[in-house]
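What follows is a short report on a single structure.
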């Protein structure tokens, strides 16, 4: 995955890779920061401005172990994401491992299933977390 990877290329990469291959990719200290940055760039570019026109929410993502923290701010139809944590208080914090994170982003894993199997934790506003799918169609 590189700085020019498209959303479709990312989805194909995740879909065609085993959990072991994805874990190895995310374990590479040289590639991991660039991968996360590109994922959040692609993700924020896909925000639905109509669905989020009245939204002001900071979602904190804690990914992997040790956790990389990213703060995603959805504000009135726009989305930004930065490595964090920022000083702002999140509305919701979502914690999950590297592979479940990649599978969720590629829409290969269901958040409800990950919660039920304890592969994902949510603290704060669960309704906000549940709206993410509608905000990023």
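The table below lists the values:
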{"quantity": "Filter result for residue 90 (in contact with a strand residue (DSSP E or B) (Cβ under 8 Å, 6 or more places away or on another chain) and buried (at least 20 other Cβ atoms within 10 Å of the Cβ))", "calculated": "yes"}
{"quantity": "Residue tally, condition under 25 Å from residue 74 (Cβ atoms) and in contact (Cβ under 8 Å) with a residue 40 or more places away in the chain, over segment 7-32", "calculated": "4"}
{"quantity": "Selection status of residue 56, without any contact (Cβ under 8 Å) to a residue 40 or more places away in the chain, over 25 Å from residue 16 (Cα atoms) and touching a strand residue (DSSP E or B) at 6+ places or on another chain (Cβ under 9 Å)", "calculated": "yes"}
{"quantity": "Segment 94-111, subset in contact with a helix residue (DSSP H, G or I) (Cβ under 9 Å, 6 or more places away or on another chain) and more than 21 Å from residue 12 (Cβ to Cβ), residue surrounded by the most Cβ atoms within 10 Å (Cβ to Cβ)", "calculated": "94"}
{"quantity": "Output for segment 75-127, where each listed residue is in contact (Cβ under 8 Å) with a residue 24 or more places away in the chain, part of a helix (DSSP H, G or I) and closer than 20 Å to residue 42 by Cα", "calculated": "98, 99, 101, 102, 103, 105"}
{"quantity": "Residue check for residue 49: without any contact (Cβ under 8 Å) to a residue 24 or more places away in the chain, exposed (fewer than 14 other Cβ atoms within 10 Å of the Cβ), in a loop (DSSP other than H, G, I, E, B) and over 13 Å from the mean Cα position of the chain (by Cα)", "calculated": "no"}
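Residue-by-condition table, conditions (1) in a loop (DSSP other than H, G, I, E, B); (2) loosely packed, with under 12 Cβ neighbours inside 10 Å; (3) touching a helix residue (DSSP H, G or I) at 6+ places or on another chain (Cβ under 8 Å):
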| site | (1), (2), (3) |
| --- | --- |
| 12 | no, no, no |
| 20 | no, yes, no |
| 25 | no, no, yes |
| 29 | yes, yes, no |
| 36 | no, no, no |
| 43 | no, no, yes |
| 59 | no, no, yes |
| 66 | yes, yes, no |
| 73 | no, no, no |
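Here, each number is a calculation from the coordinates, and none is a lab measurement. What you are looking at is a predicted structure, and each value in this text was computed from that prediction instead of being measured. With ideal geometry, Cβ positions are generated from the backbone for all residues, glycine too; neighbour counts draw on all protein chains shown.
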